[in-house]
Amino acid sequence: MKEKVYKISTKRILGLTATQIIVLFVLLVILFFFSDSSIPKRMKQESQIKDIQTQIELYKQQIDVDKEKLNELQSNRDDLEKFARENFFMKKENEEIFIIAK
């Protein structure tokens, strides 16, 4: 009996047959688009990193502003008294406070 041997492809590209190229392509697609370190996930993580870095910068600026306010309050008793009156509605013993809503 003669057995028939089918050849899928005899052409080779870069030393690979068409079947090997297809399998390699499928593996690359799975690797880059469906794995834990896929391209879309990586892009999303990069955008999250940029957002967090901008938040860090904003918080650093806010910390600097708050440190300046704290230094002012600690160095000047009049500023501390003004701050307490405005934010915590504190008053001296013989004063009355009238709150006017804006």
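Residues that are among the aliphatic types (A, V, I, L, M) and exposed (fewer than 10 other Cβ atoms within 10 Å of the Cβ) within segment 66-102 comprise ILE97, ILE99, ILE100, ALA101, listed in sequence order.
Residues in segment 16-46 that are surrounded by 10 or more Cβ atoms within 10 Å (Cβ to Cβ) and small (Gly, Ala, Ser) were compared, and the one that is modelled with the lowest pLDDT is SER35.
The values are calculated or read from the model by the stated rules, or taken from the named source; none is laboratory data. This structure is a prediction, so every number in the text was calculated from the model and none was measured. Every residue, glycine among them, receives a Cβ derived from its backbone with ideal geometry; neighbour counts consider all protein chains shown.
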